[in-house]
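The next block holds one structure in the form of structure tokens; read it before the comments.
The values are calculated or read from the model by the stated rules, or taken from the named source; none is laboratory data. All values reported here derive from a predicted model rather than from experimental measurement. All Cβ positions, even for glycine, are placed from backbone atoms using ideal geometry, and neighbour counts span all protein chains on display.
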Amino acid sequence: MEKIKEGRAVDRVRFIVTKTAERMDSEAVLQPKPVLPNSLRQTTTTQSPILPTTAYEQAKKVARGWDIYELEQQWREWVATKENPDYSPASFVAFCKKRGPYR
């Protein structure tokens, strides 16, 4: 514990917390790393990258009225079928633009 004073009065208190080696060992035992089944390992390693929020904002503008997250799912399924998949945000926005405003 560290007292931070302004003048003679204690203004704030700073607590410094460190883990002991014993604590780190017990955490390793209590929280083991999950082991994924083989089927999930393959999809996790080949999963497309996360899109930035700007891509969602642009997609909402070009595909007004559509559920952007549903369009994202359709886009990911469509791109996965391609030989050289383009997972760029621009590809996602262009896919949404083809849908256009919902009428």
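Only a single criterion out of (1) surrounded by 10 or more Cβ atoms within 10 Å (Cβ to Cβ); (2) modelled with pLDDT of 80 or more is not satisfied by Leu30, namely (1).
Take the conditions in contact with a strand residue (DSSP E or B) (Cβ under 9 Å, 6 or more places away or on another chain), at pLDDT 90 or above and surrounded by 10 or more Cβ atoms within 10 Å (Cβ to Cβ) and apply them to Val10. Does it pass? The answer is yes for Val10. Of all residue pairs spaced 6 or more apart or on separate chains, those with beta-carbon atoms under 7 Å, a first member in segment 69-87 that is within 18 Å of Ala59 (Cβ to Cβ) and a second member that is exposed (fewer than 14 other Cβ atoms within 10 Å of the Cβ) are Val79/Asp86; Tyr87/Pro49. Residue count for segment 79-103 under the criterion of being at pLDDT 90 or above and among the aromatic types (Phe, Trp, Tyr): the result is 2. When Gln47 is tested against (1) surrounded by 10 or more Cβ atoms within 10 Å (Cβ to Cβ); (2) closer than 21 Å to Thr81 by Cβ; (3) modelled with pLDDT of 85 or more, only condition (3) is not met.
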